[in-house]
Amino acid sequence: MSATTALLNFVRADHVLTPATRADAARLLADTLAVGAAGSTAPGAAGVLAAVAGWGSGDDARLIGSPGRLPAASAAFVNAFRIHCLEWDAVHEAAVVHAMSVVTAALAASIDRMGGCAPDAALTALAVGVDVASGLGIAATSPLAFFRPATAGCIGAALAVARIERIEPLEDVLGLAYSFCAGTMQAHVEGSIALPLQIANAARSAIMAADLAKWGLAGPHDALEGPFGYFRLIDQGELARYTDHLGAAWRISELSIKPFPSGRASHGALGLLQGLALNPADIARIEMFVPPLVRRLVGRPIVAEMAPAYARLCLPLLAALMLRDGHVDPRVLLPATFADPLVLDLAGRVIVSDDGNPDPNALSPQRAVITGVDGRVTEHLILATLGSPNAPLSAAQAAGKLALARALAPEADQRLFEAPLAWFTEPA
């Protein structure tokens, strides 16, 4: 049996989630919907909605965070943008994949146009889609060249939609989803709003792939392992690194929830600094020794006229905000903040250094060396980043994230915060 066949058999299988896995899926769904609601008022959100409104009318599916309905593919696009645009969405760290984002947006649109579905069916489809998206990242051995949350996310989401809508053959859904994969890391290098737009496009493409297969259109059948397949062009790796272990663990339970609206690679430092609650006046220098991927993702300098999308990926700036405020609020990512002399001074004391980790996809461990103005030096080893399964958010931290998301979404249906699974499976 090929690895691709094993993957598709897994998607088709009659899974019953364990109580623990079901609870993880429901918890991560709630986090993702809250983050999506918060993203409804983020920079760029109004422009996305205006642009998508011109693509055609229809009322298949609801929007996360604001009133209104759109055709399923368009709703998936808008909702996926909202979920990722604040860099607040859950991530599978080993895979380097924001595994919930595309899958949740596409499934929400699919379930809406179906008129709803049973909660267990929805959570199982979500877990399957997240597993596939994460698994493609786990199987990769190369550094990111394409934006893996979009490419892997598109495939996981399309197969999740096909599962919930009982669309066959899955080989065609997979092949078409792969044919639509897109997303470049150049957007990340530049800190461009194209990053969440790539997530949005992946969710729309997932709906399109499922719909086209439903109407009998075929895709390539060796989309993952073929000579021009995913693991030749998008990532290097071996799919069997993932499929040989199917069923051993649900990958959705391995996801990390992001406590701060910033790139996940910044969270090791931010979680440490929040916990230490240092007096900025006492600090002469903070040097973070991090894997090469972390330095590549968030080790960028402050630049004049930063866009918020760039600022969310700038660890020196984010560390300065954490030292100043004790938290990171997306509403302060403004030109006045970027020009604040105190912020610039604090950011100048933060250095991000490559620790030589040979794994091109590693986000941890990290090490902080903090030097005080009195010359005292302290070192901190960060083995588990705040929000990961090994360092979960406290009840107070989780409540604080939810409260901030709620404050950022004044027009949101309150069921998104109070009964998220019902919102997901019972369209009003």
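The values are calculated or read from the model by the stated rules, or taken from the named source; none is laboratory data. Predicted model only: the values in this text are computed from it and were never measured. FYI the Cβ positions are ideal-geometry reconstructions off the backbone, even for glycines, and counts take in every protein chain you see. Note: areas computed on protein heavy atoms with side chains; ligands, DNA, RNA excluded. Shrake-Rupley method; radii C 1.70, N 1.55, O 1.52, S 1.80 Å.
For region 272-366, give the percent of accessible area contributed by carbon and sulfur heavy atoms, probe 1.4 Å, rounded to a whole number. Please report the intermediate quantities before stating the final value.
On the way: 2280 of 3960 Å².
Summing carbon and sulfur atoms, their accessible area is 58 percent of the total for region 272-366.
I'd like to know which of Gly156, Leu272, Gly216 lies farthest towards the positive end of the charge dipole of region 151-307, counting +1 on Cβ of Lys and Arg and -1 on Cβ of Asp and Glu.
Leu272
Can you match volume of the Cα convex hull per residue in Å³ to one of these, (1) 185; (2) 158; (3) 125, based on a calculation from the structure here?
Evaluating volume of the Cα convex hull per residue in Å³ on these atoms matches (3).
Given a 1.4 angstrom probe, I'd like the percentage of the accessible area of region 59-142 that is carbon and sulfur, rounded to a whole number.
Details: 790 of 1410 Å².
Using a 1.4 Å probe with all protein chains present, region 59-142 comes out at 56 percent carbon and sulfur.
When the accessible area of region 155-208 is computed with all protein chains present and a 1.4 Å probe, what percentage of it is carbon and sulfur?
54
Among 297-306, 175-184, how do they line up from the highest to the lowest mean number of other beta-carbon atoms within 10 Å?
On the way: 297-306: 17.5, 175-184: 21.9.
Packing order, densest peptide first, comes out as 175-184, 297-306.
In square nanometres, what is one fourth of the surface area of the convex hull spanned by the alpha carbons of region 175-254? Write out the running numbers ahead of the final one.
Details: hull surface 27.6 nm².
Reported value for the Cα convex hull: 6.9 nm².
Using mean Cβ contacts within 10 Å as the protection proxy, how do 277-284, 29-36 order, highest first?
Put in order of decreasing packing, that is 29-36, 277-284.
State the extension gain, in nm to one decimal, for the chain segment bounded by Ala277 and Leu334, taking 0.36 nm per residue of separation less the distance between their alpha-carbons.
Using 0.36 nm per residue and subtracting the Cα-Cα distance, I get 18.2 nm.
Between the alpha-carbon centers of region 233-312 and region 139-207, tell me the distance in whole angstrom.
Measuring centre to centre over Cα atoms gives 21 Å.
For region 31-167, what does the accessible surface come to per residue with a 1.4 Å probe? Please give it in Å².
I get 22 Å² per residue for this part.
Would you rank His327, His15, His188 by solvent-accessible area, highest first, keeping every protein chain in place and using a 1.4 Å probe?
Largest accessible area first, the list is His327, His15, His188.
To the nearest 10 square angstrom, how much accessible area does Ser253 have with a 1.4 angstrom probe?
Estimated to the nearest 10 Å², Ser253 gives 40 Å².
Describe numerically, in nm with one decimal, the distance between label points set 7 Å from Cα along Cα→Cβ at Asp345 and at Glu426.
Distance between label points: 5.5 nm.
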